[in-house]
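All of the numbers you see were taken from the coordinates with simple rules; none came from a lab. Computed from a predicted structure; not experimentally measured. Cβ placement follows ideal geometry from the backbone for every residue including glycine, while neighbour counts extend to all protein chains displayed.
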Amino acid sequence: MELPKRPKGDEFTSVGEYPALRRRLRDVASRLDIPTVVSYAFDKRTRILPYIFTSHRMAPSGARAVAAALHDSGLTNVRIVLQQWTPNFRPSRAKLDGKPIEMFLVSSMQIHAECAYGLVADACSIDPDRRPLILAGGPKAIYEPWDLFGIGGDPNVSADVVVTGEEFVLMQLVEVLLEYRAQDGTMLEAFRRARSDGTLNGIPGLIFRENDAPHSRLVNTGIQRMVRDLDEMPHPVIGYKLLERPHWGRTLKLNPLAENKVRYHSFISSLTMTHGCKFNCDYCPIPAYNQRTYRHKSGDRLVDEMRRLREELGLGLFFGTDDNFFNDRDSVAEMFQKMSRAKINGRPFHKSVRWGTEATEFDTWKNRDLLPAGRKSGLRALWFGIEDLTATLIKKGQSVNKTAELFDMLNTVGICPMPMMMHHDGQPLYSREGMYGLLNQVKFLRQSGAQSLQVTVLTPAVGTRSYEDTFNKGWVFDSVGGKPVLQHQFDGNHAVASESKKPWRTQLNVLAAYAYYYNPLNFVRNLIRPKNRLAMAGAYDQLRGMIGLVKTAATSSVWALRLARGPIVRKLAPPGPVEPMLDLSQPDAQEPVAPSPLAATPQRREFIQVGTVPRNADTVTA
């Protein structure tokens, strides 16, 4: 399931290629009006700790980046629909400026896939000659693109094309389609003609049906080429001005969300700062997706992005969507220097904006001398994927002593340490000696100055080396208590894979860890016996955590009870394509790759708000 790598030296676009592509598109698109909707699928069942307070208050960067690229390329009649804000939206009812939409794009993570299926199905319910061109993207499409075709076993419920790369791939596709689209034609007609001519085969990062015949084979054009310089991306302020305002209707409002209202609905602004990580954990898809490379924006670009978002939209709280922010010392030092010296509306940068991001403990420790400069740049929180303090699960340079020293240093400087832990089979809830027990580690982190805590269950993730092996060993649950395990439950908050005969203990252990950390006693401790300057931040997080724990406890307890009662039916093989696929990146691409029924099983695909469509899978009862 791990993505292959392009030949060395061919991973990136050439310098200036992406901006030049958008300029060419503007010349063509300026004469056209193509109503376009970019939607972000969201499953409300995933709204529990640790995401309960951010899922609705942070407009996802992926959908915004796609819409910004389209708008910056001249396709200005575009709207972003976030399903967490507009849960009843129907593409079949959508109109922009009184016109039906001509392109419908849906982005989805795996845990929101059921909702993405429902959106695609609704778009496919339109008359075949009048429906929009349907494009799918996002993590779900990148790692399991075949799942967006033949949804529910119906070949007529499918995306037209799946984009398995970034916005550059999409814009290459749009350029080709505009060449085929006549003044009075549609993008769907253009797609069909371009596909028939074989023109799409030369765009790496696409998957589509070979023709409109039912169950025709899928064509895979290979792995994307990435934009090397992230400064070439369109400005994020563009996307924020295209958001559909929250409502309960099925159609689109006449105008997007007012600019002076954005900060009230997207209180936190996600920003792309860097991409890539030097580590190679077998449960993480990030290194392979980035083709073992590291990319970053310049300090000047980040200053400009935060300044404009602050001045034009009033946004002042930012979260970097980084994989490992401290991966490269020189780039981080340059960012800190530029931000520390900048001003917004005459005020020092760090007094106008606050931001946080993700990093590894190893690289933060190695660059700990940069932390004071980070504080002056506005850095206020660092999330660490520590996973396991004893390094039994994975070794990423973390240790008990290093954690204590680093957390103390961060608290002294004024940066909140935010650890993220991962509970796994074999780890006890508590150990009498040492630090292996989950509660032992939670207690240590709190005493060391952690200002928040995230605990998830080790869950097989698509796009990782360990994904297929976990299925082949029979650890992944297909159904529990007679009910199928759906994709929204692969959120790290449900025990859905275990070799243990009592997986319900794992579920309750995570709940116990949250309750041990988030409770009234620790809340009062932060107030009356502050250990550092960030005690009030910790008290605030304690309060939010206790509130979020109520819903989390209800969800976790129900799932734990189902696990205890059983029966648990386990999968024999990982999900995979059910139709042959032609991989054009292979030398012998004339013959399609036909999956064996014993080598792969179709993913269970439930429709949200459309109906449940079960699919068969090879299973074994435990």
Cysteines without a disulfide-compatible partner [the chain; Cβ-Cβ under 4.7 Å]: CYS115, CYS124, CYS277, CYS416
Cα lying deepest toward the dipole's positive end in region 531-571, options ILE547, MET536, PRO567, charges on Cβ: PRO567
Relative contact order (%) - criterion: Cα under 8 Å, at least six apart; region: the chain: 14 percent
Pairwise centroid distance, computed over Cα atoms, of region 306-344 with region 385-405, Å: 27 Å
Formal net charge of residues neighbouring VAL237 (Cβ-Cβ distance under 12 Å; K, R +1; D, E -1): -1
Ascending count of other beta-carbon atoms within 10 Å, so fewest first, for VAL15, VAL332: VAL15, VAL332
Estimated distance in nm for a label pair at ARG432 and ASP231, the labels positioned 7 Å out from Cα along Cα-to-Cβ: 6.1 nm
Estimated FRET transfer efficiency when R0 is 30 angstrom, pair LYS531-THR392 (beta carbons, to 0.05): 0.60
Residue order, fewest to most beta carbons within 10 Å, for PHE384, PHE490: PHE490, PHE384
Dipole magnitude (debye, nearest 20) for region 221-375, charges at Cβ of Lys, Arg, Asp, Glu: 580 debye
Sequence of SER92, SER466 once ranked by neighbouring C-beta atoms within 10 Å, starting from the fewest: SER466, SER92
Candidate values (i) 25.4; (ii) 26.4; (iii) 28.4, label of the one derived for Kirkwood radius over Cα pairs in Å: (i)
Within-9-Å neighbourhood charge of ILE386 [Cβ basis; K, R +1; D, E -1]: -2
For region 17-220: relative contact order, % (alpha-carbon pairs under 8 angstrom, 6 or more apart): 19 percent
Spatially proximal aspartates and glutamates relative to LYS443 (Cα-Cα < 17 Å; intrachain offsets below 8 disregarded): GLU387, ASP388, GLU405, ASP408, GLU433, ASP541
For region 17-220, size of Cβ-based charge dipole, Lys and Arg +1, Asp and Glu -1, in debye: 600 debye
Part-to-part distance (alpha-carbon centres) for region 199-276 and region 136-176, which is given in Å: 12 Å
Size of charge dipole - the chain - debye, nearest 20, with Cβ of Lys, Arg +1 and Asp, Glu -1, no other charges: 2620 debye
Straight-distance crosslink candidates among lysines, where the alpha carbon sits under 19 Å from LYS253 and sequence neighbours closer than 8 are dropped: LYS95, LYS99, LYS241, LYS261
Violating pairs (Cα-Cα greater than 31 angstrom) within the set LYS140/LYS338; LYS5/LYS376; LYS278/LYS402: LYS140/LYS338; LYS5/LYS376
Under 18 Å from the Cα of LYS502 - aspartates and glutamates, other chains or at least 8 residues apart: ASP425, ASP478
Built amide H within the under 5 Å cut-off of CYS416, gap 5+: ALA381, LEU382
Selection from GLY385, ILE238, CYS124, by position along the positive dipole direction of the chain (Cβ): GLY385
Helical contribution to [θ] at 222 nm, DSSP H n ≥ 4, -39,500 (n - 2.57), averaged over the chain, rounded to 500: -10000 deg cm²/dmol
